[in-house]
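The next block holds one structure in the form of structure tokens; read it before the comments.
Any read-out appearing in this document is the output of simple, stated calculations on the displayed coordinates, not a laboratory observation. Please read all numbers here as calculations on a predicted model, not as lab measurements. So basically every Cβ, Gly included, is an ideal-geometry build from the backbone, and we count neighbours across all protein chains shown.
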Amino acid sequence: MVSYLRKFPSSVAELRDIRSLAAIAMLLALRIVLGMFANVTLPMFGNTVKFSAAFIPIAFCGAMFGPLPAAMVGALGDVLSFLIVPTGGGYFPGFTLSGLLTGLIYGFALYGEKLSLPRIIIAWAVNALAVESFMAAYWLYLLYARQPSYSFYLVARAISLAWKCVPEILILFLLGKPVTKLAAALKRKR
């Protein structure tokens, strides 16, 4: 646990480097674009089952720069996406909190580590259980005036996670090596 907590001050230091800030800003922009255009909603579940590629820049920001920058990309990505293209009524801060926690989870799990398949699976599973299922189901339950039941949203989130677990894990694993090489190249130039 202590080794994970040591990642936080190191990730704060990443924000002092201009190259890191530029890369983090590009990942934030990519998060916004992917969140707006690279997603699909399954109509049989209303708006509750959605596949989105917006997690990719958050996860890779966590792997490259740590938990704080990744949390910033997750939270700011949600807020800026809503400001650019408001969808589904008013702003809901629960999803911003979810984005922040997703960044923290991926940052603590992947920063400074070899992006092995077991590590990626664990990071994905923790995020999937904590954020993508229980929290997201609760946010949807609140957002839609507690209709239908919370268990309906949990089941819908479970179906969503079952469909997207293998593709998301493979994307992170297959792109992990180039991303870690890029991060190493950025750090060598400091």
Simple spin-label estimate for Val166/Lys181, 7 Å along Cα→Cβ, in nm, reads 2.7 nm
Compute the length gained on full extension between Phe173 and Ala125: take 0.36 nm times their separation in residues and subtract their Cα-Cα distance, giving the result in nm to one decimal. 15.9 nm
Once the piece of chain linking Ile159 and Val33 is laid out straight, how much longer is it, given 0.36 nm per residue of separation minus the C-alpha distance between them? 42.9 nm
Rounded to the nearest 500, what is the 222 nm mean residue ellipticity of the chain from helices alone, with -39500 (n - 2.57) per DSSP H run of 4+ residues and division by all residues? -23500 deg cm²/dmol
Normalized C-alpha radius of gyration of the range 75-169, against 2.2 N^0.38 Å? 1.17
